[in-house]
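The values are calculated or read from the model by the stated rules, or taken from the named source; none is laboratory data. Just so it is clear, the structure is predicted and the values come from calculations on it, not from any experiment. Neighbour counts run over all protein chains shown; Cβ positions are idealised from the backbone, glycine included.
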Amino acid sequence: MSAAITTQPILPNSYVIRGGRVIDPGNRLDQSADVAVVDGRIHRIGRELTVDHPSIDATGLLVCPGLIDIHVHFREPGGEHKETIETGCASAAAGGFTTVACMPNTNPAIDSPTVLDLIREKSRRAGLCRVLPIAAATEARRGLKPVDMTALKGRGAVAFSDDGDGIEDDAVMLRALEQVAAVGSVFIQHCEFKSISAGGVVHHGRVAEALGVPGYDPRAESAMLERDIGLVRRTGARYHVAHVSAAESVELVRRAKSDGLPVTAEVCPHHLALTADACLEWGANAKMSPPLRDAADVRACIDGLCDGAIDCIVTDHAPHTVDEKARGMRDAPCGIVGLETALAIVSDTLIQPQRLDWPAVIALFTTAPARVLGIAGGNLGVGQPADIVLVDPSMTWRIDVSRFASKCRNTPFDGWNVTGRPIVTILDGRLTYVAPGVTQRLETAAR
């Protein structure tokens, strides 16, 4: 079991993280330095600070802002057999995340102040991660009538989405975007016209044929995105593409940005690291929506990250039980858990092949998602909450689902040998996660 949900050492009110490589893209900082924390906030950053506080040895480590994931599914309320807010937060902490935004496809959906208040209170009690709720865009996520966005934003909704389903009706989508623009929020779209995806199980083509299941046409994604970009032109609403997966979609986002439209996009580690061939080896643990696609789509997503067409990386953390995934490719639910593997998979996919460096990757997990949602955090500015992750960039380790803090184990990455690992996560100056075997680094500071 992960150390994220066991008793952690307790840090004093004031301490110094010494000798690490501080990477803070929000403040354009990348240097060897010490970070002083006082009363849960960043107090000073500088070389060889002389403050008389207990210290944490960060030699050989990256000292970064706590990671932000703006697309997770914590299942509560209604799906607590898969994940709770507490176990989801523990999983986030184990992955180096200090802030997440949870999607509204719960039961009931996050479409009322009551459910918003429940999520915020459960998050506060867990005390392991900041959980920002994304409210449903339409009542009960039925795609028929937009919610009262003014009321829900006032109760803490940071964005609106019917994630899991795209809004297919043009008139409803137009009204939703008009409301989003009026309240100054952002709309997050799961782009899929189901009349085009037509019950597809995996990406259309050779793998679908080999498995004997219906194929999922990528035009289901790009066609909805193309329609929505036209509506963004009419409304001026901020619009964010969830889990982009297809080459044509990446190009549509790139063109929208070049036209000056307020369009942003995210991508998941699995759409950077895997193709549809993974379904042949891992079966339903590689089934997701949108599906894993061809190598050309993977290259397009990586290129999109490198040239700025895609703004940030998210996990789309989607827990499902062993029994649910054992139903086979046709009937198993879509999705994989991803919080505890995200940084390592991105390290292996982008940093080791030298497509991006650590500062660029940390920005994709911190300042970029914060900018997309317009939320605080993602930097180590003086006076900011001490949300910090220490990363060992050279640690080679084996992904072992039996040690996950999440309730579920559905991932195709089990058994992978990867490089780069979050080893300490700090929220508001408090330890929320310590990786196995690294507690000695905390001994001079912890009590």
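Mind counting the residues in the range 338-359 that are touching a residue at least 60 places away in the same chain (Cβ under 8 Å) and out of contact with any Ser or Thr (no Cβ under 9 Å at 6 or more places or on another chain)? Steps first, please.
Restricting attention to the range 338-359, the residues satisfying the condition of being touching a residue at least 60 places away in the same chain (Cβ under 8 Å) are 338-352, 358-359.
If we keep only those that are out of contact with any Ser or Thr (no Cβ under 9 Å at 6 or more places or on another chain) too, we end up with 343, 345-346, 349-350, 359.
Number satisfying all stated conditions: 6.
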Subject >> Selection within the range 140-155 - surrounded by 15 or more Cβ atoms within 10 Å (Cβ to Cβ), aliphatic (A, V, I, L, M) and either over 17 Å from residue 185 (Cβ atoms) or at pLDDT below 95 (or both) >> reply: 140
Original post:
Restricting to the range 272-292, what's the tally of residues that are touching a Leu at 6+ places or on another chain (Cβ under 9 Å) and buried (at least 24 other Cβ atoms within 10 Å of the Cβ)?
Top reply: 4
Subject >> Output for the range 336-366, where each listed residue is closer than 18 Å to residue 271 by Cα, crowded, with 24+ Cβ neighbours inside 10 Å and of a type outside the set (A, V, I, L, M) >> reply: 338, 340, 341, 365
**OP:** May I ask you to list pairs of residues, at least six apart or on different chains, whose Cβ atoms are under 6 Å apart, with the first in the range 326-337 being closer than 15 Å to residue 243 by Cβ and the second being among the hydroxyl-bearing types (Ser, Thr, Tyr) and assigned to a loop (DSSP other than H, G, I, E, B)?
**Re:** 334/289; 336/411; 337/406; 337/411
Original post:
Taking the stated definitions as given, is residue 93 within 19 Å of residue 390 (Cα to Cα) and surrounded by 24 or more Cβ atoms within 10 Å (Cβ to Cβ)?
Top reply: yes
Original post:
Among the residues of the range 116-131, which ones are within 20 Å of the chain's Cα centre (by Cα) and among the charged types (D, E, K, R)?
Top reply: 120, 122, 124, 130
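Does residue 242 meet the test of being closer than 20 Å to residue 73 by Cα and assigned by TED's automatic domain parsing to the domain that holds residue 171?
Yes, satisfied.
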Subject >> Unique match (being closer than 27 Å to residue 68 by Cβ, surrounded by fewer than 20 Cβ atoms within 10 Å (Cβ to Cβ), in contact (Cβ under 8 Å) with a residue 24 or more places away in the chain and not aromatic (Phe, Trp, Tyr)) among 302, 229 >> reply: 229
Original post:
In the range 31-45, is there at least one residue being farther than 30 Å from residue 315 by Cβ, in a loop (DSSP other than H, G, I, E, B) and touching a residue at least 40 places away in the same chain (Cβ under 8 Å)?
Top reply: yes
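Within the range 257-310, take every residue that is on the phi > 0 side of the Ramachandran plot and not in a helix (DSSP H, G or I) and give me the one that is farthest from the chain's Cα centre (by Cα).
Within the range 257-310, the first condition is being on the phi > 0 side of the Ramachandran plot, and the residues that meet it are 260, 283, 308.
With the extra rule that they be not in a helix (DSSP H, G or I), the set shrinks to 260, 308.
Values: 260: 25, 308: 18 Å.
Selected residue: 260.
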Original post:
Of all residues in the range 187-207, which are of a type in the set (Val, Ile, Thr) and crowded, with 22+ Cβ neighbours inside 10 Å?
Top reply: 188, 201, 202, 207
Original post:
If residue 112 satisfies every condition in (1) in contact with a strand residue (DSSP E or B) (Cβ under 7 Å, 6 or more places away or on another chain); (2) free of Cβ contacts under 8 Å to residues at least 60 places away in the same chain; (3) not charged (D, E, K, R) but one, which is the exception?
Top reply: (1)
